[in-house]
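Engineer: Can you keep this structure in mind? I'll have questions shortly.
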Amino acid sequence: MENRKYNFAINAYFYFLGFLLAIMSLSACSENIPPASNLVSGGVTLSWNEVPNAISYNVYGSTSPGVTKFSGFKFRNPPNPLTITKLQPGKTYYFVVTVITDSGESEESKELSYTAMMDKVGFIDFKNLIDKPIKDQKSSTSEKGNVTLAWDNVPNATSYNIYWKDSPGVTKRNGEKISNVKNPHTIKGLKPGTYFFVVTAVNELGESEESEEFSISVD
């Protein structure tokens, strides 16, 4: 009986000693593991131009290119601008933005990326969420003061805007605007002279940048 008690005491002692050594080993290892805040200290701020009639926006992010509404991590109804923190330095992140209107959620904007840097907040500006400008006009004709414009259609465009004036350098800011036109479009009643035009595409995301400028002479 005494021998059994002695063996039990010896076994308990070695069990406790092993447990103590394991704890000491774990404690020593933990000193070599950097805290989480040192592993995820990058950040990025996203911004975009406001879209008329937008109710809100969604941002989708991913560490792989080709991010969509179905594959990305969703930031629902974010502020504009939106700052995202705790990004891993050296890793590239990909983002798209969608617009919420009375009709629902739009398609994704163009994709932009950012490679996170230690202790630094980068910046991504989507500008116009629709950014698929018309490359050039497809054709144009002039007859008796009437000008017909035609161009290559832009995927997902719901309509187009035409801007024009009688001197070069026409833009959305200084041209006469003809809104919500279809392709092709005829402008009637122009006086003899040379006119300069640009075209933009419109969808639920907003308005694209201007096409290349082109001119037409009216007799």
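Engineer: Which residue is nearest to the chain's Cα centre (by Cα), if the candidates are limited to the stretch 28-48 and must be of a type in the set (A, V, I, L, M, F, W, C) and either modelled with pLDDT under 90 or more than 19 Å from residue 124 (Cβ to Cβ) (or both)?
Structural biologist: 40
Engineer: Looking only at residues that are part of a strand (DSSP E or B) and touching a Leu at 6+ places or on another chain (Cβ under 7 Å) in the stretch 203-219, which one is nearest to residue 152 (Cα to Cα)?
Structural biologist: Ranking the qualifying residues of the stretch 203-219, first place goes to 206.
Engineer: Limited to the stretch 149-192, what total is found for residues that are without any contact (Cβ under 8 Å) to a residue 24 or more places away in the chain and over 24 Å from the mean Cα position of the chain (by Cα)?
Structural biologist: Total satisfying the criteria: 11.
Engineer: Of all residues being surrounded by fewer than 18 Cβ atoms within 10 Å (Cβ to Cβ) and among the small types (Gly, Ala, Ser) in the stretch 193-219, which is nearest to the chain's Cα centre (by Cα)? Just the residue, please.
Structural biologist: Checking each candidate, the answer is 215.
Engineer: Report yes if some residue within the stretch 49-67 is in a helix (DSSP H, G or I) and either more than 17 Å from residue 126 (Cβ to Cβ) or modelled with pLDDT of 50 or more (or both); otherwise report no.
Structural biologist: The answer is no, given that none of the residues of the stretch 49-67 is in a helix (DSSP H, G or I) and either more than 17 Å from residue 126 (Cβ to Cβ) or modelled with pLDDT of 50 or more (or both).
Engineer: I've got another one for you. Looking for whichever is in a strand (DSSP E or B), out of contact with any helix residue (DSSP H, G or I) (no Cβ under 9 Å at 6 or more places or on another chain) and not assigned by TED's automatic domain parsing to the domain that holds residue 54 here; the options are 171, 200. Which one fits?
Structural biologist: Step by step, each of 171, 200 is checked, and only 200 is in a strand (DSSP E or B), out of contact with any helix residue (DSSP H, G or I) (no Cβ under 9 Å at 6 or more places or on another chain) and not assigned by TED's automatic domain parsing to the domain that holds residue 54.
Engineer: If you go through the stretch 106-125 one residue at a time, do you hit one that is loosely packed, with under 12 Cβ neighbours inside 10 Å, modelled with pLDDT of 85 or more, more than 29 Å from residue 172 (Cα to Cα) and acidic (Asp, Glu)?
Structural biologist: Yes, the stretch 106-125 has at least one match.
Engineer: Oh, and also: Check off (1) touching a Gly at 6+ places or on another chain (Cβ under 8 Å); (2) part of a strand (DSSP E or B); (3) under 24 Å from residue 117 (Cα atoms) for residue 99 and give me the number that stays unchecked.
Structural biologist: Status for residue 99: all satisfied but (3).
The values are calculated or read from the model by the stated rules, or taken from the named source; none is laboratory data. Computed from a prediction, not measured in an experiment: that's the story for all the values here. When we count neighbours, we look across all protein chains shown, and the Cβ atoms used for this are built from the backbone with ideal geometry, even at glycine.
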